[in-house]
1. Quick one: B:Asp13 ticks every box in (1) within 12 Å of chain A (Cβ to nearest Cβ); (2) over 16 Å from A:Thr53 (Cα atoms); (3) exposed (fewer than 12 other Cβ atoms within 10 Å of the Cβ) except a single one, so which number is it?
2. Out of (1) modelled with pLDDT of 95 or more; (2) farther than 11 Å from B:Ala62 by Cα, what's the single condition that is false for A:Ala49?
3. Residue by residue through the range A:36-88, note down the ones that are more than 20 Å from A:Ile166 (Cβ to Cβ), more than 10 Å from chain B (Cβ to nearest Cβ) and either in contact with a Gly (Cβ under 6 Å, 6 or more places away or on another chain) or assigned to a helix (DSSP H, G or I) (or both).
4. Out of all the residues in the range A:1-42, which are under 14 Å from the mean Cα position of the chain (by Cα), more than 21 Å from A:Val137 (Cα to Cα) and of a type in the set (A, V, I, L, M, F, W, C)?
5. Given the conditions (1) more than 14 Å from A:Glu97 (Cα to Cα); (2) within 7 Å of another protein chain (Cβ to nearest Cβ); (3) assigned to a strand (DSSP E or B), report the number of the one that B:Val60 does not fulfil.
6. Identify all residues within the range B:40-57 that are part of a loop (DSSP other than H, G, I, E, B) and β-branched (Val, Ile, Thr); write none if there are none.
7. Restricting attention to the range A:210-222, does a residue exist that is under 14 Å from A:Ala37 (Cα atoms), in contact with a helix residue (DSSP H, G or I) (Cβ under 7 Å, 6 or more places away or on another chain) and among the basic types (Lys, Arg)?
8. When you go through B:Arg43, B:Arg20 one by one, which is the residue that is within 13 Å of chain A (Cβ to nearest Cβ) and surrounded by 13 or more Cβ atoms within 10 Å (Cβ to Cβ)?
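The values are calculated or read from the model by the stated rules, or taken from the named source; none is laboratory data. No experiment lies behind these values; they were computed from the predicted model shown. As a convention, Cβ positions derive from the backbone with ideal geometry for all residues, glycine included, and neighbour counts pool all protein chains shown.
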Amino acid sequence: MSQLIEDTPLTVAGRRFHSRLLVGTGKYRDFDETAAAVAASGADVVTFAVRRTNLGQDAAAPNLLDVISPERYTLLPNTAGCYTAKDAVRTCRLARELLDGHNLVKLEVLGDEHTLYPNVVETLAAAETLVNDGFDVMVYTSDDPIVAKELERRGCCAVMPLGSLIGSGNGLLNPATLRLILEQAEVPVLVDAGIGTASDAALAMEMGCAGVLMNSAIAHARQPVMMAGAMRKAIEAGREAFLAERMPRRDSASPSSPFAGRINP
Amino acid sequence: MQIQLNGEPHQLDHDPTLARLVEALGLGGRRVAIELNEEIVPRSQHAQTALAEGDRVEIVHAIGGG
């Protein structure tokens, strides 16, 4: 029997993570469901958004960080909703203050509300500013291999192309361009956005992605906690299939049972 | 004295420091981050940071997102 390959942990900017599934915290019914789904996903890295505090709101109201504690999870603040490099940089600095200096961020600068497609011009500018300001930048981007490389050159610690539009659940619409990004990348490549169900996540991992970040696929499943568990298994299965290296495809059949010794040769 | 707080006009009737504003809003001890005129003010400096007429203050916190 050949030797089992020992997997190495996902390493982003020197941080090592046991799980290759990263999850968001949006779109859940309540904090209880958020906490249960995040726990069932097995994720180490958990994304959240930064927004103006509702003033006059009951000060005792629970806070997301009471449920998803920075002691238990590696928090990944995002810049969702930002349409300019300037707003994204401000949001990251607010997040760093919010988390007492924690400098790992998910940069996303959007192009328009209809597609939520990344504005790569603003994204490149924000990445450069943030890296120079000491942030470890995991960057959401289009599946353009040239842009992915440019973001890597600017010092981003992970490149995260979309599989399809944010929240669409359309899976990996362009595996060919994702493969081009994977072939040339020297930092971890994670699929961020577009995952719809477990097979989408498994496919991304089978292709060699370092991880997958998802939110809607879990939160908008009829049973989010069960889907979170399904995603955990899909990520593990896809990763092991990648490491095991799949059989070659062939156009002809190849019997698994020997021809020799049949009772009616 | 009036400031812009999270994009809305806000009247200050108290000692105009950031720490006092946070207390008055019932946010003392809560996990929030504050920007004054687009610059971060670290938590350790809230008590010493005085506000002036027309200052723009942003107070943010973590919410669910992906």
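1. The number of the failed condition is (1).
2. (2)
3. If the condition is that a residue be more than 20 Å from A:Ile166 (Cβ to Cβ), more than 10 Å from chain B (Cβ to nearest Cβ) and either in contact with a Gly (Cβ under 6 Å, 6 or more places away or on another chain) or assigned to a helix (DSSP H, G or I) (or both), then A:Ala36, A:Ala39, A:Ala40 are the ones that fit.
4. Within the range A:1-42, A:Val38 is the sole residue that qualifies.
5. All conditions pass for B:Val60, except number (1).
6. If we filter the range B:40-57 for residues that are part of a loop (DSSP other than H, G, I, E, B), which is where we start, we get B:41-42, B:46-49, B:51-55.
Within the range B:40-57, B:Val41, B:Thr49 qualify.
7. Within the range A:210-222, not a single residue is under 14 Å from A:Ala37 (Cα atoms), in contact with a helix residue (DSSP H, G or I) (Cβ under 7 Å, 6 or more places away or on another chain) and among the basic types (Lys, Arg).
8. Values: B:Arg20 fails: within 13 Å of chain A (Cβ to nearest Cβ).
Unique residue meeting the criteria: B:Arg43.
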